[in-house]
Protein chains: 2
Amino acid sequence: MKVAKFGGSSVASAEQIRKVAAIISEDHDRKIVVVSAPGKRDKNDSKVTDLLIELGELSLATGEAESELQAVLERYRSIAEELKIDGDIITLIETDLRERLATNRHNPGVFMDSIKASGEDNNAKLIAAYLKSTGLNATYLNPKDAGLLVSDEPGNAQVLPEAYDQLIKLRDHEGVIVFPGFFGYSPEGTLVTFPRGGSDITGAILAAGIQAELYENFTDVDSVYAANPNVVNEPVEIKRMTYREMRELSYAGFSVFHDEALIPAFRKGIPVCVKNTNNPSTSGTMIIAEREYFFNPVIGIAADDGFSTIYVRKYLMNREVGFGRRLLQILEDEGLSYEHIPSGIDDTSVILREHQLTDEMQERIIDRIKNELHADDVYIEKDFSMVMIVGEGMHNTVGVSARATAALARAHVNIEMINQGSSEVSLVLGVHQEDADRAVQALYEEFFGASDGTIQ
Amino acid sequence: MKVAKFGGSSVASAEQIRKVAAIISEDHDRKIVVVSAPGKRDKNDSKVTDLLIELGELSLATGEAESELQAVLERYRSIAEELKIDGDIITLIETDLRERLATNRHNPGVFMDSIKASGEDNNAKLIAAYLKSTGLNATYLNPKDAGLLVSDEPGNAQVLPEAYDQLIKLRDHEGVIVFPGFFGYSPEGTLVTFPRGGSDITGAILAAGIQAELYENFTDVDSVYAANPNVVNEPVEIKRMTYREMRELSYAGFSVFHDEALIPAFRKGIPVCVKNTNNPSTSGTMIIAEREYFFNPVIGIAADDGFSTIYVRKYLMNREVGFGRRLLQILEDEGLSYEHIPSGIDDTSVILREHQLTDEMQERIIDRIKNELHADDVYIEKDFSMVMIVGEGMHNTVGVSARATAALARAHVNIEMINQGSSEVSLVLGVHQEDADRAVQALYEEFFGASDGTIQ
């Protein structure tokens with residue numbers, strides 16, 4: 001039994017949905033199909049989810065958004081017409097959307113979650129109808145009916161353990177289930193979405209729930225690559241990698257797979273395969289629990305920008321029990337999460353994602369650190385990138401950090417921060433944002449320059 | 001006007017004290033002489049401070065320690081006799097010691113501080129008497145009379161800012177002042193000691209207090225070396241280094257200079273010179289505010305052992321605002337200070353000095369992290385060394401970390417942790433304790449292998 005998830009570009013048009021149908025018909029083990037909202041058909045196109053956000057926000061603000069509603073319906077209509085699906089489906093989608101627009105207007109968080117989630121939900125209904133029209137025994141299933149219970153955090157839901165007691169029953173379902181990604185329901189019955197990109201999460205939860213033999217994640221690339229193809233020319237394809245490697249890479253900027261999506265699959269030991277809807281005969285990338293890493297201690301190089309550093313210096317800081325805790329308390333009071341805390345004897349830095357920091361917050365933080373912690377010096381620096389080298393073999397292979405730092409030295413990239421020591425599978429190098437691409441290219445050349453195009 | 005501090009080995013015997021007298025007579029700018037307690041005369045000898053600790057502890061425990069008292073007096077007596085100082089000095093020291101032994105017995109902290117500090121105090125009296133006997137205008141000065149006010153933390157005193165208002169008056173003193181190192185007095189008049197090795201601190205405070213042109217720190221080596229001579233064969237001599245470099249190196253294991261001692265000198269911009277009592281004509285090591293670092297980005301390699309790592313793993317840790325703060329709170333509740341906190345996505349480690357950790361404390365910490373923070377995995381690993389590469393030029397020189405990590409790779413030393421990013425002058429590499437010497441040797445060879453014996 002397999003769960004197959006199709007991303008936005010795989011279900012963006014009638015042509016793409018025909019490929020999905022072919023993929024499903026080809027393997028009868030593909031019992032659960034998780035779908036995203038229609039994505040972009042070409043570079044200049046809009047994703048349905050973005051249209052829905054526009055629609056929802058305008059409707060809340062002005063009470064009127066008819067042309068935005070029609071733009072959404074038009075996307076479904078063009079697909080339905082080309083696929084020659086019964087016209088009733090569009091009426092059904094329109095009714096559903098108008099109902100959502102009329103409900104929960106007093107609660108913008110819940111309202112927007114419901115509008116956004118309609119992209120996946122209605123696309124699942126449409127795809128189920130199409131599959132049925134091709135003669136397949138396919139049914140749309142709503143997450144509420146399936147028992148996909150999640151925590152009540154709009155836009156940030158987490159699956160609740162009791163959901164799995166319900167989901168296991170889907171094993172007994174006859175035929176193919178078409179399931180919308182991206183959302184579940186709270187125990188009180190409210191629709192709540194996962195973080196964006198959350199259809200991957202839905203797929204992983206269902207795969208774990210039915211104890212699938214495989215979770216297939218269909219996207220628009222042949223595999224996961226060892227580096228970002230926009231930065232490195234024709235990077236090698238990764239054939240096999242571990243959950244931990246994928247999770248670290250996606251956290252550090254690999255967009256192919258949502259970084260939290262792997263956890264349910266990992267916990268139940270479900271293998272994950274990343275495949276290409278447009279080229280389904282290629283084997284893709286298998287994500288599994290363990291791999292041989294003797295020949296490839298490093299599997300990928302990722303980079304993410306937009307980091308700031310809060311630098312704090314105080315003489316005899318290291319003698320002051322509680323200094324670090326009080327520093328983190330100040331950040332916590334502002335609701336900030338941090339990434340790394342490199343520390344010297346008399347100084348410490350906190351590295352965090354800068355989108356969290358408003359100007360006002362920065363002033364408050366600096367003032368509090370100066371006044372409450374009596375720091376000698378405090379300042380905030382911006383525009384850092386975190387470059388991450390990931391690989392299961394790193395921890396036990398002497399010399400990975402040597403090769404990495406030498407490669408950056410050759411490329412004249414100054415290393416502002418190094419963090420190694422807690423994660424066994426990654427090494428983080430902080431560099432100035434303008435050096436990030438050059439850093440990734442140099443590291444790629446060092447670890448993959450001699451490769452023949454794929455790594456096992 | 002100069003302050004000259006003489007360490008334990010420089011005042012261990014009559015022969016050594018004659019050298020001290022010659023050094024003082026030679027330069028009339030040496031107006032304040034800070035002395036330690038008599039140190040070891042040879043490898044198998046005892047330091048007077050250790051004899052005093054034995055004496056104090058036994059006296060407190062049993063009320064009787066006459067032979068221990070005689071052992072201390074015997075050290076002073078042998079010096080006084082050989083130097084032909086008036087016999088009254090020994091009577092004076094004996095009276096002083098018996099008085100200390102009879103006072104503050106209800107308060108062991110204050111009692112022990114007073115007993116320990118007598119080593120420096122009585123040695124200062126003895127040396128002042130000797131200098132006077134040679135015809136020098138020398139006076140013993142008690143820290144209370146000088147106004148050396150410190151915080152009331154037994155064994156861990158810090159100078160109070162108001163002390164400097166008094167100490168400046170010492171500039172007007174006629175002749176040479178002989179001043180005992182290691183202790184001051186609280187505003188309430190209680191004797192309080194600095195951390196051990198604190199005579200360096202006294203010297204630095206006095207140098208700052210009288211705005212000396214130079215603080216000379218006389219010891220038993222010709223200079224500060226770029227690495228521990230017990231680990232590296234004939235390491236190069238450092239001729240000039242900055243305060244920050246010295247402070248980081250001494251924190252990381254260089255025993256030549258107490259790591260907190262530099263701060264008063266640094267704050268007032270007093271240059272510090274480390275010189276050899278046994279070879280006073282060599283220039284020694286100058287410690288100053290700035291140096292040219294173009295040719296020597298790295299100035300020294302230190303290593304210190306006895307570190308433990310508390311490893312904590314929890315899925316989605318990085319999403320949990322406050323996790324790090326709550327982790328540090330648990331350590332703070334146990335009174336623990338930490339050194340580094342390397343962190344991954346789902347895991348973090350806290351590195352701390354393991355002498356702080358009792359077995360019971362470890363159990364409590366692990367339990368609390370599991371139960372209160374709901375961590376998936378927690379364990380403590382021991383026997384790590386922190387190897388520190390120090391140099392003003394490190395931050396702006398591309399490739400220092402590359403050379404360091406490559407050197408360790410060649411020496412087959414696995415790097416367990418790297419911390420770079422907060423301090424601009426150091427890079428910390430965590431290694432297993434058994435690899436530490438090999439790591440220092442490899443790094444020394446990399447950064448100093450081609451040197452001709454000294455670095456500027």
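So the values come out like this:
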{"item": "Of residues in the stretch A:235-257 being over 10 Å from the mean Cα position of the chain (by Cα) and part of a helix (DSSP H, G or I), the one farthest from A:T285 (Cα to Cα)", "result": "A:E248"}
{"item": "Only one of B:E213, B:E174 that is of a type in the set (D, E, K, R), at pLDDT 95 or above and surrounded by fewer than 19 Cβ atoms within 10 Å (Cβ to Cβ)", "result": "B:E213"}
{"item": "Number of the exception - B:Y293 against (1) facing chain A (nearest Cβ under 7 Å); (2) more than 18 Å from B:E372 (Cβ to Cβ); (3) among the hydroxyl-bearing types (S, T, Y)", "result": "(1)"}
{"item": "When residues of the stretch B:406-426 are limited to those that are over 29 Å from the mean Cα position of the chain (by Cα) and not hydrophobic (A, V, I, L, M, F, W, C), the one farthest from the other protein chains (Cβ to nearest Cβ)", "result": "B:R410"}
{"item": "Near pairs, Cβ below 6 angstrom, 6+ apart or cross-chain, from the stretch B:347-361 (over 12 Å from B:K382 (Cα atoms) and touching a residue at least 60 places away in the same chain (Cβ under 8 Å)) to any residue that is of a type in the set (V, I, T) and not in a loop (DSSP other than H, G, I, E, B)", "result": "B:S349/B:T309"}
{"item": "Verdict on A:Y164 being hydroxyl-bearing (S, T, Y) and under 21 Å from A:Y243 (Cβ atoms)", "result": "yes"}
{"item": "In the stretch B:111-137, residue nearest to B:A61 (Cα to Cα) [restricted to those that are of a type in the set (A, V, I, L, M) and out of contact with any Gly (no Cβ under 6 Å at 6 or more places or on another chain)]", "result": "B:A117"}
{"item": "Conditions (1) under 15 Å from the mean Cα position of the chain (by Cα); (2) assigned to a strand (DSSP E or B): number failed by B:Y215", "result": "(1)"}
{"item": "Residue in the stretch B:274-290 that is crowded, with 20+ Cβ neighbours inside 10 Å, at pLDDT 90 or above, within 13 Å of another protein chain (Cβ to nearest Cβ) and over 29 Å from B:T397 (Cα atoms) present", "result": "no"}
{"item": "Sole residue being among the acidic types (D, E) and under 21 Å from the mean Cα position of the chain (by Cα), chosen from A:E162, A:E174, A:E153", "result": "A:E153"}
{"item": "Test: A:E260 is part of a loop (DSSP other than H, G, I, E, B), of a type outside the set (F, W, Y), over 30 Å from A:N371 (Cα atoms) and more than 14 Å from chain B (Cβ to nearest Cβ)", "result": "no"}
{"item": "Tally of residues being surrounded by fewer than 24 Cβ atoms within 10 Å (Cβ to Cβ) and at pLDDT 95 or above across the stretch A:2-16", "result": "5"}
{"item": "Filter result (touching a residue at least 12 places away in the same chain (Cβ under 8 Å) and under 12 Å from A:G324 (Cα atoms)) within the stretch B:301-327", "result": "B:G324, B:R326, B:L327"}
{"item": "Selection count where residues are under 15 Å from B:T62 (Cα atoms) and buried (at least 18 other Cβ atoms within 10 Å of the Cβ), scope the stretch B:100-110", "result": "1"}
{"item": "Hits in the stretch A:28-39 - residues which are at pLDDT 95 or above and farther than 14 Å from A:G181 by Cβ", "result": "A:D29, A:R30, A:K31"}
{"item": "Every pair of residues 6+ apart whose Cβ atoms lie under 7 Å, when the first sits in the stretch B:1-21 and is farther than 19 Å from B:K47 by Cα while the second is of a type in the set (S, T, Y) and assigned to a helix (DSSP H, G or I)", "result": "B:A21/B:Y130"}
{"item": "Considering residues of the stretch B:232-262 that are of a type in the set (D, E, K, R) and within 17 Å of B:E424 (Cβ to Cβ) only, the residue surrounded by the fewest Cβ atoms within 10 Å (Cβ to Cβ)", "result": "B:R244"}
{"item": "Condition check for B:R77: closer than 16 Å to B:A128 by Cα and charged (D, E, K, R)", "result": "yes"}
{"item": "A:A37, sole failed condition from (1) without any contact (Cβ under 8 Å) to a residue 24 or more places away in the chain; (2) in contact with a Ser or Thr (Cβ under 8 Å, 6 or more places away or on another chain); (3) not in a helix (DSSP H, G or I)", "result": "(1)"}
{"item": "Candidate set: the stretch A:350-401, residues that are within 13 Å of another protein chain (Cβ to nearest Cβ), of a type in the set (S, T, N, Q) and farther than 15 Å from A:I418 by Cα; chosen: the one surrounded by the fewest Cβ atoms within 10 Å (Cβ to Cβ)", "result": "A:N396"}
{"item": "In the stretch A:78-99, the residues that are surrounded by 17 or more Cβ atoms within 10 Å (Cβ to Cβ) and assigned to a helix (DSSP H, G or I)", "result": "A:I79, A:A80, A:I89, A:I90, A:I93, A:E94, A:L97"}
{"item": "Hits in the stretch A:398-456 - residues which are more than 25 Å from B:V350 (Cβ to Cβ), outside any helix (DSSP H, G or I) and modelled with pLDDT of 85 or more", "result": "A:A411, A:H412, A:V413, A:N414, A:V431, A:H432, A:G449"}
{"item": "Residues satisfying the stated conditions in the stretch B:126-151, i.e. surrounded by fewer than 19 Cβ atoms within 10 Å (Cβ to Cβ) and assigned to a helix (DSSP H, G or I)", "result": "B:K132, B:S133, B:K144, B:D145"}
{"item": "Pick from the stretch B:310-349, criterion among the hydroxyl-bearing types (S, T, Y), in contact with a Leu (Cβ under 8 Å, 6 or more places away or on another chain) and surrounded by 21 or more Cβ atoms within 10 Å (Cβ to Cβ), ranking: farthest from the other protein chains (Cβ to nearest Cβ)", "result": "B:Y338"}
{"item": "Scope the stretch B:169-182; condition assigned to a strand (DSSP E or B) and touching an Asp or Glu at 6+ places or on another chain (Cβ under 7 Å); matching residues", "result": "B:P180"}
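The values are calculated or read from the model by the stated rules, or taken from the named source; none is laboratory data. Remember, it's a predicted structure, so these values are computed and weren't measured experimentally. Because the Cβ atoms are built from the backbone with ideal geometry, glycine has one as well, and the counts that use them run over all protein chains shown.
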